[in-house]
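Before any comments, here is the structure.
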């Protein structure tokens, strides 16, 4: 089901957004956002929202798989609006991840408080994924336009009402959706509204060097205590994950001592 005019109006009035651009189908919301960044008079924050993506992208060569019911969007922000210097930009993906975690924790556990059920587990998989009950539920792709105009693109793919019962076999074992885990159907516009409100708050916390934000991404690190292999682009290193450093680097204890990584792809987890 596509977003209604009332949904779009609510996004404009209840969040920081100045404009919403909806698409039934698009190649990639991030690609569209990167093009729009070149428009001098673009009203930001600006949202590109899609029902379906035919060329959704993850980090590197990764592609985003989804079926109907997922929440797929990119938002263009201006770093100056949040007083975010370039030194803070590498931490934005983790900050978005924290916002997703905080939003999902509320939505997934809203009925557990009264039923007494075990709370759903929501955590961050460094550097840009969110896990729900140990499976991937969200991917994040933050990109800087080639023109480096001060604008930033934040892309999010969040599995909400789409079911992984029909996903490719290699994905159904490692990914899930909010609906699959809770057995409920969610109002995606409301999910997005809550998420954007939380993201605005957390970006302000990042700009203000709020220690509680750092504590949040450290406490939610799902890799801590596990042996992982990371491909940094130049080499593959394995070690025991010690968590996430204050400034966003992944900490690994290796035979050569502690090493810290500011970027890379996790190749294996034990």
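Every number in this text was worked out from the coordinates using simple rules, so none of it is lab data. Bear in mind that the values here come from a model prediction, so they are computed numbers and not experimental data. Cβ placement follows ideal geometry from the backbone for every residue including glycine, while neighbour counts extend to all protein chains displayed.
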Computed over all unlike Cα pairs, the Kirkwood hydrodynamic radius of region 66-217 in Å stands at 16.0 Å
Using alpha carbon centers only, region 188-257 is separated from region 128-182 by a whole-angstrom value of 16 Å
Neighbour-count ranking for 211, 19 (other C-beta within 10 angstrom, fewest to most) reads 211, 19
Once residue 171 and residue 83 are pulled to full extension, the length gained, defined as 0.36 nm per residue separation minus their Cα-Cα distance, is 27.8 nm
Pseudo-spin-label distance residue 238 to residue 110, built 7 Å along Cα→Cβ, given in nm, is 4.4 nm
Site residue 201, offset 7 angstrom along Cα→Cβ, radius 17 Å on amide nitrogen, limited to region 8-26, gives 14-17
If the chain between residue 212 and residue 265 were fully extended at 0.36 nm per residue, the gain over the current Cα-Cα distance would be 16.5 nm
